[in-house]
Amino acid sequence: MAKGAPLPERDSQRPVLDVRDLKTFFPTDAGTVRAVNGVSFVVREGETLAIVGESGSGKSVTGLTIMRLLGRTGAEIAGGEIWLTRGDGQRVDLARQPEAAMERLRGSEIAMIFQDPMSSLNPVFPVGDQIAEPLRLHKGLSRRAARAAAIELLELVGISDPAQRVDTFPHQLSGGMRQRIMIAIALACEPRLLIADEPTTALDVTVQAQIIALLRELQTRRRMAMIFVTHDLHLVGDVADRVAVMYASQVVEEGPVADVLSRPAHPYTRALLSCIPRQQHGQPRRRMTPIPGTMPSALATPHGCRFHPRCAFAEDRCAAALPSLESIAPQRTARCIRWREIWS
Ligand SMILES: Nc1ncnc2c1ncn2[C@@H]1O[C@H](COP(=O)(O)OP(=O)(O)O)[C@@H](O)[C@H]1O
Ligand SMILES: [Mg+2]
């Protein structure tokens, strides 16, 4: 199916993941770090949602909360719900599943890949064993069947000579190859939702494009739901159907990718877009202009709109109260009291 082609209505309506008012806090000696503070979004079957925002905006903590991989960080889910529709049609709130239930869901229904594959791959086992492990665990495949499936998966993620490569160790592979291995592990049990957290940030531009094309193709072919986390608005148009823009632990704008990129409704999205140097025909590439100021610390968020100290559109009333995430059109939301002026 071509990128962006509409899905049959029945499927496109069905949310695989429905996150509601999620709050993830870290109690620290300096105070409570509100890393995720009231985040809501939906991801439907066969759809990719990009979550984009500057470093520290709460993107990774959102992903880790959904996976319930916060374990040793000391974070707690302080509020909200994370509804996953399982393959059997049952809905479960991931925020309230015991660890034993999460262990069954991770890998089989939801999977995550990270920026640095080396930190997730085990250096002492051949990659084939690591791809085979979830198949043995969740699908009960025999050693032999799991190895055969691992070879098929290596082929699926575009690794040549899969029958040989199955016995190699992570350090024998390039960064791009390792990320392909991580994708193979994540997809082994055909999860309904894949969370890809900056999966190409550590790779050079050519390999980055290959990995994104691979993820997009696999996502479409398997009709998976995908959350693609990135700080790079460049990438969003190539990979996602919809985009949620995060700033200081909240979603500030959400909508279909083409709409948001061509007509942003929030000043932050607008500022992010103007940071992207656009090549004019026959002219040298423009320098990137960063957004003035820095994102507030999650310990001391400004009163009112969190973006107002950096916002070119800020007025006195922006400091008075936190704007709500308002519906501004079908499928579009924005958290700005001046969205009408900015959007027009
Ligand atoms: N283990 C932790 N302890 C305390 N604060 C944390 C921890 N992990 C992340 N944070 C804080 O949570 C906020 C969001 O972090 P993160 O989700 O990693 O941002 P992003 O992925 O958008 O760059 C940041 O302010 C970060 O400092
Ligand atoms: Mg991150």
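The values are calculated or read from the model by the stated rules, or taken from the named source; none is laboratory data. The model shown is predicted, which means the values in this text are computed figures rather than measured ones. Virtual Cβ from ideal backbone geometry, glycine too; neighbours counted across all protein chains shown.
Can you pull out the helices (runs of 4 or more DSSP H) entirely within the stretch 33-134 that have at least 3 residues that are touching a helix residue (DSSP H, G or I) at 6+ places or on another chain (Cβ under 7 Å)?
Where helices (runs of 4 or more DSSP H) fall fully within the stretch 33-134 and carry at least 3 residues being touching a helix residue (DSSP H, G or I) at 6+ places or on another chain (Cβ under 7 Å), they are 117-120.
Among the residues of the stretch 55-64, is any in contact (Cβ under 8 Å) with a residue 60 or more places away in the chain and away from ligand 1 (no atom under 16 Å from the Cβ)?
No, the conditions are met nowhere in the stretch 55-64.
Looking only at the stretch 198-210, which residues are more than 16 Å from ligand 2 (Cβ to nearest atom) and not polar (S, T, N, Q)?
Asp204, Val205, Val207, Ala209
So in the stretch 54-101, with the set limited to residues that are among the basic types (Lys, Arg) and either at negative phi or not assigned by TED's automatic domain parsing to the domain that holds Arg222 (or both), which one is modelled with the lowest pLDDT?
Arg72
Look through the stretch 156-197, keep the residues that are touching a helix residue (DSSP H, G or I) at 6+ places or on another chain (Cβ under 8 Å) and acidic (Asp, Glu), and return whichever of them is nearest to ligand 2 (Cβ to nearest atom).
The selected residue is Asp197.
Looking at the stretch 140-256, what helices (runs of 4 or more DSSP H) fall wholly within it and have at least 2 residues that are in the same structural domain as Gly63 (by TED's automatic domain parsing)? Lay out the reasoning, then the answer.
Numbers: elements: 143-156, 162-165, 175-187, 205-222, 233-239.
Per the criteria, 205-222, 233-239.
Among the residues of the stretch 193-215, which ones are away from ligand 1 (no atom under 16 Å from the Cβ) and at pLDDT 95 or above?
Step one: list which residues in the stretch 193-215 are away from ligand 1 (no atom under 16 Å from the Cβ), which gives 193-194, 203-215.
Those that are away from ligand 1 (no atom under 16 Å from the Cβ) and at pLDDT 95 or above: Leu193, Leu194.
Out of all the residues in the stretch 221-238, which are of a type outside the set (Gly, Ala, Ser), crowded, with 19+ Cβ neighbours inside 10 Å and more than 16 Å from ligand 1 (Cβ to nearest atom)?
At the first step, the residues of the stretch 221-238 found to be of a type outside the set (Gly, Ala, Ser) are 221-224, 226-236, 238.
Now restrict to residues that are crowded, with 19+ Cβ neighbours inside 10 Å: 224, 226-230, 233, 235-236.
Once the filter is applied, which keeps residues that are of a type outside the set (Gly, Ala, Ser), crowded, with 19+ Cβ neighbours inside 10 Å and more than 16 Å from ligand 1 (Cβ to nearest atom), the stretch 221-238 yields Met224, Met226.
If Glu76 satisfies all but one of (1) farther than 15 Å from Phe228 by Cβ; (2) among the acidic types (Asp, Glu); (3) surrounded by 20 or more Cβ atoms within 10 Å (Cβ to Cβ), what's the number of the condition it fails?
(3)
Of the residues in the stretch 11-44, how many are within 24 Å of Ser324 (Cα to Cα) and surrounded by 14 or more Cβ atoms within 10 Å (Cβ to Cβ)? If you could, list the steps in order and put the result at the bottom.
Of the residues in the stretch 11-44, the ones within 24 Å of Ser324 (Cα to Cα) are 15, 17-26, 32-44.
Retained after the next criterion (residues that are surrounded by 14 or more Cβ atoms within 10 Å (Cβ to Cβ)): 15, 17-20, 22-26, 33-44.
Number of matching residues: 22.
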